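Below you'll find the structure, written out as structure tokens, and then a few comments.
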Amino acid sequence: MALFALGGSLLGACGSGSAGTVPKAPAGDPELVLGQSVFADHCARCHGSSGRGGAGPRLAGEEIDVDVVRSGRRGMPAFGSKLDDQQLEAAAAYVAAVL
């Protein structure tokens, strides 16, 4: 499991949807392919298509705390009711391996 600090009050306003084209996951890794899809649909709008930040903080090169993504914190909306554990873990794995 990975960790990162969240901050900023603009995160709640980001909503869902992608922002630009996210980096491709290796086609042979189903978890990373799922993570790419989750990241594009739920994370890229605030954190940037390459995870380098925007309205939300930088994720690229950082570790992701899945519990923060699940429950939300400091302006980041909770995704626990929208994403299951497999999707949350896949998104964290995608950020760690690809971004």
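List the number of the failed condition for Glu31; all other conditions in (1) part of a loop (DSSP other than H, G, I, E, B); (2) within 16 Å of Ala97 (Cβ to Cβ) hold. Condition (1) is where Glu31 drops out.
Scan segment 52-96 for residues that are part of a helix (DSSP H, G or I) and either among the hydroxyl-bearing types (Ser, Thr, Tyr) or surrounded by 15 or more Cβ atoms within 10 Å (Cβ to Cβ) (or both) and the total you get is 15.
Bear in mind that the values in this text are calculations on the coordinates, not laboratory data. All values reported here derive from a predicted model rather than from experimental measurement. So basically every Cβ, Gly included, is an ideal-geometry build from the backbone, and we count neighbours across all protein chains shown.
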